[in-house]
Amino acid sequence: MEISAGLVKDLREKTGAGMMDCKKALTETAGNFEKAIEYLRKKGVASAAKKAGRLTKEGAVSSYIHGEGKVGVLLEVNCETDFVARTDQFRHFVKDVAMHIAAASPQWVRSEEVSAEVLAKEKEIAIAQMQSSGKPVAVIEKIAEGKIKKFFEDHCLLHQAFVKDPSKTIEQLLKETIATLGENLSIRRFARFALGEGIKDDSSSPSE
């Protein structure tokens, strides 16, 4: 059957998939719009790697409160289309990531966000710890690099092992979700609040 350009355009706007993919989906489903959407989602359209550069301006800002109000997380996750932002799979992913942040307390989303000053300080500490070991400088440098990698795994969200399934990192979970949903996703930013964090006890200070 003949698939109209207008129907292809509507499907593209609804799903964010490419024009050729939309036309093929409509052809395969005899022009059934809802079945074409399902076809595109099942097919995945492209790998997560191919989607990585695509613009993500839709999505959701979500909150998660844990421990009867002791820990709270605000998280922004972006996707390409409002259609995907409303799916159960997307919302489940966002909730899982927010729960992970509450439990694992990362400081950054990705390693590129860690400042050069912080990395230099961590490397300095690692080298200082090894200086009395008698190991060659090249070996100490190698060990220091390993400690920086471990620093990323401890403090950068994408490098952390997923608390619900430590066999995969958050980055791997993200890529799996991209493949399932069929469009690019990005964990943009988060804020984690722990009750009483940073409050100094001044009760012992002398009164004026």
Quiz prompt | Cross-link pairs 57/95; 70/123; 14/57 - those with Cα-Cα distance over 25 Å | solution = 70/123
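How do 80, 34, 153 line up, fewest other C-beta atoms within 10 Å first?
Sorted ascending by nearby Cβ count, the order is 34, 153, 80.
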Quiz item: For labels at residue 165 and residue 61 in the simple 7 Å Cα→Cβ model, what's the distance in nm?
Solution: 3.0 nm
Quiz item: Of the labelled options (1) 168; (2) 124; (3) 190, which one gives volume of the Cα convex hull per residue in Å³ as computed for this structure?
Solution: (3)
Practice problem: Along Cα→Cβ, 7 Å out, is where each label goes; now give me the distance between the ones at residue 86 and residue 119 in nm to one decimal. | Solution: 4.2 nm
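So if I place +1 on the C-beta of Lys and Arg and -1 on the C-beta of Asp and Glu, and nothing else carries charge, what would the dipole magnitude of the stretch 83-193 be about its Cα centre? I want it in debye, nearest 20.
Value, rounded to 20: 160 debye.
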Quiz prompt | 13 Å cut-off, amide nitrogen to a point 7 angstrom out along residue 147 Cα→Cβ, residues in the stretch 108-131 | solution = 119-131
Quiz item: Dipole of the stretch 50-114, Cα-centred, from +1 at each Lys and Arg C-beta and -1 at each Asp and Glu C-beta, to the nearest 20 debye?
Solution: 160 debye
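None of the figures in this text is laboratory data; all of them are computed from the coordinates on show. Everything numeric in this text was worked out from a predicted model, so none of it was measured. So basically every Cβ, Gly included, is an ideal-geometry build from the backbone, and we count neighbours across all protein chains shown.
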